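To start, the structure under review is shown below, and the notes come after it.
The values are calculated or read from the model by the stated rules, or taken from the named source; none is laboratory data. On a predicted model such as this, the values are computed, not experimentally measured, just so you know. Counting neighbours? That spans all protein chains shown, and the Cβs are built from the backbone with ideal geometry, glycine included. Note: areas computed on protein heavy atoms with side chains; ligands, DNA, RNA excluded. Shrake-Rupley method; radii C 1.70, N 1.55, O 1.52, S 1.80 Å.
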Amino acid sequence: MKRIYSVLIVEDHQINIDSYKRALDVVANEVPNTKFIIAEAKNCDEAFDKIKSQNKLKGFDLAVLDISLPSSQKYDILNGEVLGQKIKEKFPRCKVLVCTSYNDNYRLNNILRSLNPEVFLIKLDIDFSDLIIAFKEIINDGSYYSRTILNLMRKKANSNFILDELDIQILYEISNGARMKELKDLVPLSKTGIEKRKRKIRTYFNITDENDRELVLTAKEKGFI
């Protein structure tokens, strides 16, 4: 009996989408009785529209995510990581493959803890053969991590802090020039709650300067916004 996998690919560069599709074609040819039905999205809006329209009982079996997607224009989704969380909320059994250009330990550690992807690849680490191996592993209930991720996991990063959706939203709004009086309308937290989170993020980033400029620069440098 043929096993059919429903796949959502979210990537803003068509050349990368085509690479994933070619790798899936190879896997379908090499693994007996395997078929992939593929949906594509190039941004968070397209992806979430497809997620909403997908039958919840069937769902997606596999989501392939880029992290550095532009923020949504219609939904409360700031990047690929938040989109991944939305996917896991709706389809808990969906397996996640993350492929990103980020190589900063803070950012990668955050993705590991917030999404716990079955496959985590750094684009500069891999070639086409790695994609084939990764897809084979994931359909066989395995996992696959590229070199940078394996090194990060071996180091067992000391910090247990995770930037959640609200933390990222605060950083995003500040980076767009929002001051405290605007933040209170944009983020569902009190002034005290926002300041508490900003202090926590500064501690995580090891920032002593109270100026928001340093906070934003560091968040951008580490790929959070």
Of the numbered conditions (1) at pLDDT 95 or above; (2) part of a helix (DSSP H, G or I), Asn151 fails exactly one; give the number of that condition. (1)
Index of the failed condition, Asn79 passing every other in (1) at pLDDT 95 or above; (2) over 24 Å from Lys136 (Cβ atoms); (3) in contact with a helix residue (DSSP H, G or I) (Cβ under 9 Å, 6 or more places away or on another chain): (1)
Going by the conditions given, is Lys90 open to solvent by 30 Å² or more (accessible area, probe 1.4 Å), modelled with pLDDT of 95 or more and of a type outside the set (Val, Ile, Thr)? no
Residue list for the range 110-138, restricted to those being closer than 19 Å to Arg22 by Cα, touching a residue at least 40 places away in the same chain (Cβ under 8 Å), crowded, with 18+ Cβ neighbours inside 10 Å and β-branched (Val, Ile, Thr): Ile138
Does Asp185 fit the bill of being out of contact with any Cys (no Cβ under 8 Å at 6 or more places or on another chain) and either crowded, with 19+ Cβ neighbours inside 10 Å or in contact (Cβ under 8 Å) with a residue 12 or more places away in the chain (or both)? no
Quick check on this structure: which one of Asp104, Asp61, Asp45 is out of contact with any Phe, Trp or Tyr (no Cβ under 6 Å at 6 or more places or on another chain), at pLDDT 95 or above and open to solvent by 10 Å² or more (accessible area, probe 1.4 Å)? Asp45
Which condition number does Ala178 fail, the rest of (1) in a loop (DSSP other than H, G, I, E, B); (2) open to solvent by less than 80 Å² (accessible area, probe 1.4 Å); (3) more than 25 Å from Leu69 (Cα to Cα); (4) free of Cβ contacts under 8 Å to residues at least 24 places away in the same chain being met? (3)
What's the number of the condition Ser114 fails, among (1) within 19 Å of the chain's Cα centre (by Cα); (2) in a loop (DSSP other than H, G, I, E, B)? (2)
Residue list for the range 181-210, restricted to those being closer than 18 Å to Asn110 by Cβ, hydrophobic (A, V, I, L, M, F, W, C) and either out of contact with any Ser or Thr (no Cβ under 7 Å at 6 or more places or on another chain) or not in a helix (DSSP H, G or I) (or both): Ile201, Ile207
